[in-house]
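Only one structure is covered here, and it is reproduced in the block below.
Every number here is computed from the coordinates shown, using simple stated rules; none is lab data. All values reported here derive from a predicted model rather than from experimental measurement. All Cβ positions, glycine included, derive from the backbone under ideal geometry; neighbour counts span all protein chains shown.
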Amino acid sequence: MEKLSEFTDEQMQQVDKLIEASGTNPSGLIPLLEKTQGILGYLPPSIQQYISEKTKISANRIYGVVTFYSYFTTKPRARHRVQLCLGTACYVKGSDALVEKIEKDFNITFGNSTEDGRFTFEKARCVGACGLAPVMLVDGKVYGKMTVESLDKILNEYE
Amino acid sequence: MKTVEDINKMRQDMVSKTDDKTVIYVHLGTCGIASGAMPVLNALKKKIKEEKRSDIELVTTGCAGICSMEPLITVKTAGYEPVIYKLMDEEKALEVFESHIKNGVAIEDYALARGMEYQLKERALNKGPVSGEKKMEGNIPGIEEIPFFSLQEVRVMHNRGLMDPGKIKDYIGRDGYQAVIKALTEMSSEDIINEVLTSGLRGRGGAGFPIGLKWKFAHAESGDVKYMLCNADEGDPGAYMDRNVMESDPHSLIEGMIIGAKAINATQGYIYCRAEYPLAIENLNKAIKQARALNLLGENILGTGFSFDMSVYEGAGAFVCGEETALMRSLEGKRGNPRPKPPFPVKAGLWEKPTVLNNVETLANISQIILKGATWFREKGTVKSPGTKIFSITGDIDNVGCVEVPIGTPVEVIVNQIGSVSKGKNLKAVQLGGPSGGCIPKQHLDVAVDYETLQEYGAIMGSGGMIVMSDDKTGVEIAKFFMEFCKDEACGKCLPGREGTKQMLFLLNKISDGTGSEDDIRKLEALCDVVKKTALCALCKTAVNPVLSTLRYFRDEYMNSVHTNELERA
């Protein structure tokens, strides 16, 4: 099997271990992909092919699953993942102003990464912390009661 | 191997442990942690250590219910009633430690209430502390005097703010797993089904299907392999009741699953939980492990001969997976595409085996129905819809949080008395049921929340998200917001869902951005009708509801928008 140049040997060893533990049962596919992405950060077609050959699950099916669920990404994310919650409570409390500010300040549309590889901006579906709306997550950490003013301050903490 | 006697002994030990000591409760739900509860907890831990106060018990619990006042702590000193403190930070918490714990003086400015939620009924009777507790001085309202708490009827959430979700002993001490013991030792599958049927419990995920009936159908199916599933894919934006239950009282869900499994003869269960809820997943996994260690899950549960085990399955982010057939495909490791019904899952569900799927809140109701009986359950709620429902009330109100009220409570009570509309905001409408639901405008706020009545008004009970909207947003904007969501989340399997949501959004954009006409409103209505009748699953069938509902109540805003545009163009 061809070596995947984008990942280190160590990463691939971890992935191999996961595949071995998961076996060839197709019902274990989604957890396997979740854990693999946890190690590699993203799931490009090359790794999908790799998993397919090892598990005998068709590459077509793996691609179908990866592109269906929003958790998976085929592109590497930037150093920091910024997720702005666009649930209803956040919408009512003015999350649209935050979207506008980010798009303007970083000259970017949501779903993309800044060119310097610092931030990936994503829209999140309700994280269930509606009491703190509007809510933003940076690398999984929840920031509540966001304002246009507090946005800069928080983002500045992440280099 | 643990037996029924072992569990009962554990319970006895917990119940008889009534030593009256000083306790600090720190409430650690997702909201609390995000608001800074961890530094508060750590500061208190450090302080207790510094002062060598080993007599003080520090208890971490789940959410205390009123999210907008987080971080919350509750302080109880020996012999006195507890006091709940709101909006804590490290400094304030240490001030409370100095003043309340060391000098016995509560700090009025930081206090939210005297008393804890579980004491509500007795406190209301006594008009003060429960027996054995002395009143704390100071101008602090009793919890029974605060509408946010006093108007609630906490059944599903009866352990909230009181119990460490990471300790199965605490749960057992609160009568936990007594219902499982009863169901496994004294009741047959038919007995369980009958009790649940008589209780009239309906699905809390939104559709309101009678649970006993679903169980009866699955029970009647032959076959050795059946599955008991829990839908914890709480995808409606603005709804987080289920997260709250899973984080704060995970065992109540596990208990409901075991009893359901016995009713239908399932041996394996899964909780399908969305990945956006990491704390819920962590707490559930911990709880399952503890239950297994006490032989409450696994082979031959408590020596009763019944075997059942379960695990948590983490979703990968797709709104459509809240639909039952899509959820089962996802569990099988496939794309979460729904499929036509029949066959219904009770006949051919997960891996084509008979399967019951119930929502979190539904299952969390089960243990109390078994323990206290159907008659007790029917004491609250309406004849057609007995029991309580948890709503997460959010939006332009002061008291954002999870509230549990009897079904049939007027929307007005929930929004104005429990929630309290924020100062300077004019209430426009209350949105129920998220992207599948509709609005109740302010002139109809006296409407009772029950499955049938809400439908008459074009809204739905839904899973329990209740969003209070002020007149900052127009009806067109609200409809657009939800349609954008549905368009993004439509799975693409059926044409009406895939293309219909796209075209409806296109028309809504046109109407709101200044290029629409009256004809576009007519087209939008026609399209709603088509999608409603032809989409494959409930998600896109109901995706038209926010549009229809805003057209029904705020048609003038749609008309204004297109007329202004037509005038400008002329």
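With 29 Å as the limit, write out which pairs from B:K2/B:K372; A:K141/B:K286; B:K442/B:K541; B:K76/B:K127; A:K17/B:K167 have Cα-Cα distances beyond it, or answer none. Over 29 Å apart, Cα to Cα: A:K17/B:K167. 7 Å from Cα along Cα→Cβ at both B:S307 and B:T267: what's the point-to-point distance in nm? Rounded to a tenth, the inter-label distance reads 0.5 nm.
Between B:T382 and B:G387, B:I407, the built amide H atoms are under 5 Å apart, and every one of these is 5 or more places off in sequence or on another chain. Evaluated at q = 0.11, 0.23, 0.28 Å⁻¹, a Debye calculation over the C-alpha positions of the stretch A:80-156 (equal weights, vacuum) places log10 I(q)/I(0) at -0.23, -1.05, -1.55.
Averaged over the residues of A:88-101, the number of partner chain Cβ atoms lying within 10 Å of the residue Cβ comes to 5. Using Cβ point charges alone (K and R +1, D and E -1), the dipole size of the stretch B:26-125 about the Cα centre works out to roughly 240 debye. Once every Cα of chain A carries one equal point scatterer and solvent is ignored, give the base-10 log of I(q)/I(0) from the Debye formula at q = 0.14, 0.20 Å⁻¹, two decimals. Debye curve over Cα of chain A, log10 I(q)/I(0) at q = 0.14, 0.20 Å⁻¹: -0.78, -1.15.
Placing a pseudo-label 7 Å from each Cα along the Cα-to-Cβ vector at B:E518 and B:S222 gives an inter-label distance of 6.5 nm. Extending 7 Å from Cα along the Cβ direction at A:K145 and again at B:R555 yields two label points whose distance is 4.3 nm. The P(r) of the protein assembly as shown has a tail past 34 Å containing 49 percent of all C-alpha pairs. When chain B is described by a simple charge dipole with +1 on each Lys and Arg Cβ and -1 on each Asp and Glu Cβ, the residue from B:H100, B:N399, B:A526 located farthest towards its positive end is B:A526.
By definition, a body whose alpha carbon gyration tensor gives a ≥ b ≥ c is oblate when a/c is 1.5 or more and a/b is not larger than b/c, and chain B fits this oblate description.
Peptide B:231-238 has a mean shielding of 4, counted as Cβ atoms of other protein chains within 10 Å of each residue's Cβ. At q = 0.21, 0.27 Å⁻¹ the log10 of I(q)/I(0) for the stretch B:123-166 amounts to -0.89, -1.11, computed by Debye summation with a single uniform scatterer per C-alpha, solvent ignored. In this structure the amide hydrogen of B:I397, modeled in the peptide plane, comes within under 5 Å of the amide hydrogens of B:S422, none closer than 5 places in sequence on its chain. Under 12 Å from a point placed 7 Å out from the Cα of B:K372 along the Cα-to-Cβ direction: which residues of the stretch B:123-162 have their backbone N that close? Counting only backbone N, you get B:153-159. Here is the list for the stretch A:1-51: GluC sites (Glu not before Pro) lying in DSSP coil, each with at most 16 other C-beta atoms within 10 angstrom of its C-beta, are A:E2, A:E6. In order along the stretch A:12-23, the phi-based Karplus estimate (6.51 cos²θ - 1.76 cosθ + 1.60, θ = phi - 60°) of 3J(HN,Hα) comes to 5, 4, 5, 5, 4, 4, 4, 4, 4, 5, 7, x Hz; Gly and Pro are listed as x.
List the GluC sites (Glu not before Pro) within the stretch B:166-215 that fall in a DSSP loop (any state other than H, G, I, E or B) and whose Cβ has at most 16 other Cβ atoms within 10 Å. Provide the component values of the computation, followed by the final result.
On the way: sites: B:E186, B:E190, B:E195; in loops: B:E186.
Those satisfying the criteria are B:E186.
Find, among the trypsin sites (Lys or Arg not before Pro) in the stretch A:3-75, those assigned to loop by DSSP (not H, G, I, E, B) with at most 16 other beta-carbon atoms within 10 angstrom. Counting only loop positions with at most 16 other Cβ atoms within 10 Å, the trypsin sites (Lys or Arg not before Pro) in the stretch A:3-75 are A:K3, A:K56. About its Cα centre, what dipole magnitude does the stretch B:350-448 give when the only charges are +1 on Lys and Arg Cβ and -1 on Asp and Glu Cβ, stated in debye to the nearest 20? About 100 debye. What FRET efficiency, computed as 1/(1 + (r/R0)^6) with R0 = 51 Å and r the Cβ-Cβ distance, is obtained for B:K533 and B:K2, rounded to the nearest 0.05? With R0 = 51 Å, the Cβ-Cβ based efficiency is 0.40. Basic side chains Lys and Arg get +1 at the Cβ, acidic Asp and Glu get -1 at the Cβ, and with that the dipole of chain B about its Cα centre reaches some 1060 debye.
If you wrap the stretch B:168-376 in the convex hull of its Cα atoms and look at it from every side, the mean projected area works out to 10.6 nm².
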